[in-house]
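Everything below concerns the one structure shown next.
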Amino acid sequence: MRPLLFILTLAIGAVVGLGLVWFATANGYGPGVVRAGAWKAWPKAGTEDADPYARAALARAGELPLELADGLAFVAATDDSGKSLDGRCDIRLSGTVPQARFWTLTLTDHDGNLVDNAADRHGFTSTEVVWNRDGTVDVALGPRARAGNWLPTGARDRLVLTLRLYDAPVGLASRTSDAPDMPKLITERCP
């Protein structure tokens, strides 16, 4: 009876422990998150100082994160009001992009796959986007073609935007409390 109780206790402990790790790493890289509106980043995920949850999430996803000296990736799966990014809706990204030598904006589905679309456009870079005169940027996301900076969403229901800042200032990439000003994400019209 004792060996059976011991094995049962070990099994319950393993299930609870693995479940808690999965829960802690399912939506990001652990507790070292920096939030700026709808955007989230984990500055230490690619460093030697990464916490065990970040390492577990990276191992599970098979990702190779940016090293802190190389840049920082901000991810948004919701708009600024907390509503999931829905590709059937018209969404606007507008505002100032944090200082960086170069940046990329990529649209993926919830599983991290590029969104298939007839225009074969999956994102923008800082060198190809059309800038406003005041140094801000406006990008329209939606299922129907638009003039200007338009990212086709393929009418997918759950989308994720990733803004990668390359060669960003060290203060921006290393702080964990004061997030930079990020572009706003607003759902304008939804069927």
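The values are calculated or read from the model by the stated rules, or taken from the named source; none is laboratory data. Quick caveat: nothing in here was measured; it's all calculated off a predicted structure. With ideal geometry, Cβ positions are generated from the backbone for all residues, glycine too; neighbour counts draw on all protein chains shown.
Before moving on, here are some points about what is shown:
- Residues (assigned to a loop (DSSP other than H, G, I, E, B), touching a residue at least 24 places away in the same chain (Cβ under 8 Å) and surrounded by fewer than 19 Cβ atoms within 10 Å (Cβ to Cβ)) located in region 101-121: R101, H110, G112, D116, N117, A118, A119, R121
- Selection status of L159, at pLDDT 90 or above, surrounded by 17 or more Cβ atoms within 10 Å (Cβ to Cβ) and touching a His at 6+ places or on another chain (Cβ under 9 Å): yes
- Verdict on L20 being surrounded by fewer than 18 Cβ atoms within 10 Å (Cβ to Cβ), more than 24 Å from T104 (Cβ to Cβ) and at pLDDT 80 or above: no
- Of residues in region 133-144 being surrounded by 12 or more Cβ atoms within 10 Å (Cβ to Cβ) and part of a loop (DSSP other than H, G, I, E, B), the one modelled with the lowest pLDDT: P143
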